[in-house]
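Participant: What follows is a structure written as C-alpha cells; I'll ask about it next.
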Amino acid sequence: MSSVTRARMYQAIIVVLLLVIAAMAYKFIVLGSTERVDDRRVAVVLEPGDRALMLSEMRAFVAGLQQITDALSHEDMKSVAKAARAMGTPRSHDVPLALMAKLPLEFKALALGVHGGFDTLATDAEAVGKPAHTLAQLSGILQKCVACHASYEVKDTRAP
C-alpha cells in the first residue's frame, strides 16, 4: 500500500469518526431521549429512577414556591431569599450527567433559566427588598415552568 493510499485511508477514518462523534453529540446534547406524543408535546423518556428524581425535583420546586409566596405575604424578604437560593443554580449540579444527556437542549435551557432566575430573585430580594419586584421576577420564572410543562411530559421507559 502506497503512502498516498494510506494517508487517504487515515483521512477517511478520521472523517467517519468525526461524523460519529457529531451524531452522538447531536443525540445527547440536542435531542436527548425523546419521542413525540399525541398532544403535540415531546415526551422525555426516562428510566424509572431518573423519572422519579425529576418528578421529585419538580415537587421540591412547588414546595419552594409555596415558601416564597408565604414569605412574600409577610414581606419577609430574608425568607424569600433563603427559599429562592435553595432552588438556584447549585441545585442543578445535583442532576446526574447521565440524566442530563437524556434531556433535550430546549428543556435544559428552560431548566437552567429557572435555576438562574431563582439566583437573581434571591439576590434582589435581599438587595432591593420590594415584594412587588420579587413577584414580577417570580412571574417570569413561572412562565418558564408553564412553557416547559406545555412542551414536555416525562414518560417512563416501561410505559407503552
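Participant: Give the shape of region 79-160 as rounded, prolate or oblate, defined through the alpha-carbon gyration tensor: a ≥ b ≥ c are the square roots of its eigenvalues, a/c under 1.5 means rounded, and otherwise the shape is prolate if a/b is larger than b/c and oblate if not.
Facilitator: Numbers: a/c = 3.00, a/b = 1.95, b/c = 1.54.
Prolate.
Participant: Hey, what did the chain get for relative contact order, percent, Cα under 8 Å, at least 6 apart? Could you put the intermediate results ahead of the total?
Facilitator: Values: 162 pairs, mean separation 51.5, N = 160.
Rounded, it is 32 percent for the chain.
Participant: Can you check what the net charge comes to around Glu106, using other residues whose Cβ is under 13 Å from the Cβ of Glu106 (Lys, Arg +1; Asp, Glu -1)? Don't jump to the answer; show the numbers that get you there.
Facilitator: Numbers: positive: Arg41, Lys108, Lys144; negative: none.
With Lys, Arg at +1 and Asp, Glu at -1, the net is +3.
Participant: Listing Arg158, Arg91, Arg41 from the residue with the fewest other Cβ atoms within 10 Å to the one with the most, what is the order? Provide the component values of the computation, followed by the final result.
Facilitator: Details: Arg158 8, Arg91 19, Arg41 15.
So the ranking, lowest neighbour count to highest, is Arg158, Arg41, Arg91.
Participant: For the chain, what ratio Rg/Rh do Cα atoms give with a Kirkwood hydrodynamic radius?
Facilitator: Values: Rg = 21.5 Å, Rh = 18.1 Å.
That ratio is 1.19, to two decimals.
Participant: Hydropathy at least 1.0 by Kyte-Doolittle, axial extent at least 24 angstrom from the Cα trace: which helices of the chain, defined as entire DSSP H runs, fit? Intermediate results must be reported in sequence, preceding the final value.
Facilitator: Values: long enough: 3-25 (33 Å, 1.70); 48-73 (38 Å, 0.25); 105-127 (32 Å, 0.45); 131-151 (30 Å, 0.51).
For the chain, where a helix must reach 24 Å along its axis and average at least 1.0, the hits are 3-25.
Participant: Another one. Loop only by DSSP, 14 or fewer other Cβ within 10 Å of the Cβ. Give me the GluC sites (Glu not before Pro) in region 54-143 that pass, ordered by residue number.
Facilitator: Glu75
Participant: Using a 10 angstrom cutoff on alpha carbons, build the Gaussian network for the chain and name the most mobile of Ala147, Ala83, Ala111.
Facilitator: So, out of Ala147, Ala83, Ala111, the one fluctuating most is Ala147.
Participant: Taking only Cα atoms and a 10 Å spring cutoff, compute GNM fluctuations for the chain and point out the largest among Ala81, Ala98, Ala12.
Facilitator: Per the Cα network of the chain with a 10 Å cutoff, Ala12 tops the list.
Participant: Right, next: Any chance you could get the radius of gyration and Dmax over the Cα atoms of region 55-105, in Å?
Facilitator: 13.4, 41
Participant: Nearest 20 debye, what's the magnitude of the dipole of region 33-156 about its Cα centre given +1 on Lys and Arg Cβ and -1 on Asp and Glu Cβ? Mind showing how you got there, number by number?
Facilitator: Numbers: 14 positive and 16 negative charges, 24 e Å.
Once rounded to the nearest 20, the dipole reads 120 debye.
Every number in this text was worked out from the coordinates using simple rules, so none of it is lab data. Note that this is a predicted model, so its numbers are computed, not measured. Cβ atoms come from the backbone with ideal geometry, glycine included; neighbour counts cover every protein chain shown.
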